Amino acid sequence: MKILKFGGTSVGSVKNLNIIKDILVSDQEDKIVVCSAMSGVTNQLVSLVDNIRFNDTDAITRNLHQLEKKHIDVIDELIEDQEVRNTLKDGVSSIITEMFEISSQKYSEIIESRIITFGETLLTYIFSNFLNSIQVSNILLDAKEFMYVDSVENPNINNVSQKLKAVLDSNSKSSIYITQGFVCKDKLGQITTLKRGGSDYTATIIGAALDASEVQIWTDIDGLHNNDPRYVENTQPIAHLTYNEAAELAYFGAKILHPQTVSPIIGKDIPVLLKNTFDPEATGTVISDRTHQEGLKAISAKDGITAIKIKSNRMLMAHGYLRRIFEVFDKYHTSIDMITTSEIAISLTIDNVKNLDDIVKEIEEYAEVTIEQNHSIICVVGESVIKDKNSYKLFEILNYIPVRMVSYGGSNNNISILVDTKDKISTLKFLNEKLFQNRIEAVV
C-alpha cells in the first residue's frame, strides 16, 4: 500500500485534477490518496470563522455562496455527464447547508475546527465522484472515522491503525481510496486539525499506521531545494535526505513539508518521496534512513521568531536556576527553538508569543528580561555538517550581517543563526553563494 498526498495547488484546478487522475491510473499499486482543500479555500474558511466570531450574518452568507459557486464551477467544468453533474451539485449544496447550520451557532474552537476542515470534505467528495464517473473505481473514506490522533504533537499511531484497518475492512476492496488531509480528532473525540500544511502529516501518520511501502508527497516543485527558491536564484533539488535532515529543514521553515511530517515514520523504514505534480518524471527528493552523503545539504529560514534575553547577576550560576527558567516556558506550553548561555545571561528564542506577557511577568520576579521581535532563524543542515570542508564559510556572514545568536551542538545535522528578519534574504543569498555555488563537491 502506498500513500499519495496532493496539496492545495495540485488540486487547485480542473486541469490539475486531471493530471492527478493520470498519476493515479499510471500506478497499479494499491493506494490511499490524501487530498488538501483547493488552493485558497482554507483561507476563505478562516475568513468565514472570523465572520462567525463577530456574528456577521451577511458576510457568512456571502462567504458560503462564494464557496458553493467555486465548487459548482469546478463540477461544471470537470464532469461531462449531466446526471452525475446534477447529483454532485446537490451534494455540494447539502454540504453548504450543513455549513450554514454550523455557522449560525455561537463561535467556539470546536466550531472553528469543524468549519475549516470543510475544504477537504468538498474537494474529496468532488474528486472521488469524478474518478468514479470515468470508471476509475475508488472508495471515499471519511478521515474523521479513523484519524483519532489524540495529540497533534504525539499522535497515537496504534489508535489510528486500529480504526483505519476497521474502516478498510468494512468497505469493499479497492485499489484506490480517497480521504481528507488536515482533519483529525483529539483525545476527547472532538474534531480538530493538524494545523496548516497538515495534510503532509496526515499522509505519514496513515503511512505509519499501515506500514506503507512508501509515502509520496506531490507539490508544485520538484523536490526539496537546497535553499528557498522564492528568494534565491539557481537553487537545486536534493536527491536524497535522511529523516533527521528533513525534520530539521521542515521545522526550521522549509515550506514544502509540514514540520512534523517525518516524525511518525522514523524507525519504520518507510521512504518519503517529494514529487512534482506538474513534472511527474522529475526525480524529486527521497527521504529515508539512509545517508547517501555527509556534509552540507540545504538552508532554510523560519520567520516570526522572538529573542528573549534573561539576565541576572545574582542567580545565573545557582543550582536549579536554568530549571526554574524552563519551568516557566513549560507552564505556558511554549517551546524554545535556540538557546545560548553566558556567565550572567541566557538568550533563547520562541516562535509562539501567545503567552509571552505572562512568561515575562513571572521571570521578571528574579531577572531582567529583554525582548527582541521580528527575527528569523537561518538553519544550515546536513549529516555531520561541521565536518564539511566548506562549513567554515558560514561564519563569514559575521563580516556582513549582524548575527544575534549562533547555535550548534544540539544536533550534528544543524548549525543555526539568528538574524533580524530584514536581513533574512541577504543572508540566504550570501550563504547560497558561499556554501553551494562555488563548492568543490556537488550537492546530491
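Numbers below:
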| item | result |
| --- | --- |
| Global size of the range 227-295 as Cα Rg and Dmax, reported in angstrom | 12.2, 36 |
| Segment K69-A345, length gained on full extension (0.36 nm per residue, minus Cα span) | 93.6 nm |
| The range 301-444 - Rg over Rh from alpha carbon coordinates, Kirkwood radius | 1.02 |
| Added length on full extension, which subtracts the Cα-Cα distance from 0.36 nm per residue, K354 to E145 | 72.1 nm |
| Accessible solvent surface per residue of the range 247-295, calculated while the other protein chains remain in place, 1.4 angstrom probe, Å² | 44 Å² |
| P(r) weight above 25 Å for the range 13-151, C-alpha pairs, percent | 31 percent |
| Space enclosed by the convex hull of the alpha-carbon atoms of the range 154-306, per residue, Å³ | 141 Å³ |
| Percentage relative contact order, the chain, counting C-alpha pairs under 8 Å, at least six apart | 13 percent |
| 12 Å beta-carbon shell around Y243, net charge (K/R +1, D/E -1) | -3 |
| Rel. contact order, % - alpha carbon contacts under 8 angstrom, at least six apart, the range 1-87 | 30 percent |
| For the range 309-444: accessible area per residue (Å², 1.4 Å) | 55 Å² |
| Simple Cβ-charge dipole of the chain, Lys/Arg +1 and Asp/Glu -1, about Cα centre, in debye nearest 20 | 660 debye |
| Whether the range 87-195 is rounded, prolate or oblate, judged on the alpha carbon gyration tensor where a/c under 1.5 counts as rounded | oblate |
| Whether the range 105-159 is rounded, prolate or oblate, judged on the alpha carbon gyration tensor where a/c under 1.5 counts as rounded | oblate |
| Sites D30 and Q135, calculated FRET efficiency, Cβ-Cβ separation with R0 22 Å, nearest 0.05 | 0.80 |
| Protection proxy ranking of 239-251, 12-24 - average other beta-carbon atoms within 10 Å, highest first | 239-251, 12-24 |
| Neighbourhood net charge (14 Å Cβ-Cβ; Lys/Arg +1, Asp/Glu -1) for Y231 | +1 |
| Rounded, prolate or oblate (a/c below 1.5 giving rounded, otherwise prolate when a/b exceeds b/c) for the range 361-444 by Cα gyration tensor | prolate |
| Carbon/sulfur fraction of accessible area - the chain, other protein chains in place, 1.4 Å, % | 45 percent |
| Gyration tensor (Cα) of the range 275-370, equivalent ellipsoid semi-axes in angstrom | 39, 17, 11 |
| Environment charge of E83, counting only residues whose C-beta is closer than 12 Å and scoring Lys/Arg +1, Asp/Glu -1 | -1 |
| Extension reserve of the D211-Y231 stretch, reckoned as 0.36 nm per residue once the Cα distance is removed | 3.5 nm |
| K106 paired with Q82, simple spin-label distance in nm, labels 7 Å along Cα-to-beta-carbon | 4.9 nm |
| Paramagnetic reach from D269 in the range 177-209 [backbone N under 16 Å; point 7 Å along Cα→Cβ] | 208 |
| Cα→Cβ-extended label distance, 7 Å offset, between D279 and E396, nm | 2.9 nm |
| Stokes-Einstein D in µm²/s, Kirkwood radius over Cα pairs - the chain at 10 °C with 1.306 mPa s viscosity | 67 µm²/s |
| Placed amide H near I139: partners under 5 Å, 5+ positions off or other chain | I176, Y177, I178 |
| For the range 1-83, accessible area per residue (1.4 Å probe, heavy atoms of protein chains only), Å² | 45 Å² |
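The values are calculated or read from the model by the stated rules, or taken from the named source; none is laboratory data. As the structure is a computational prediction, the values presented were derived from the model and not from experiment. Cβ sites come from the backbone with ideal geometry, for glycine too, and all protein chains shown count toward neighbours. Protein only, heavy atoms only, side chains kept; ligands, DNA and RNA dropped before computing areas. Shrake-Rupley method; radii C 1.70, N 1.55, O 1.52, S 1.80 Å.
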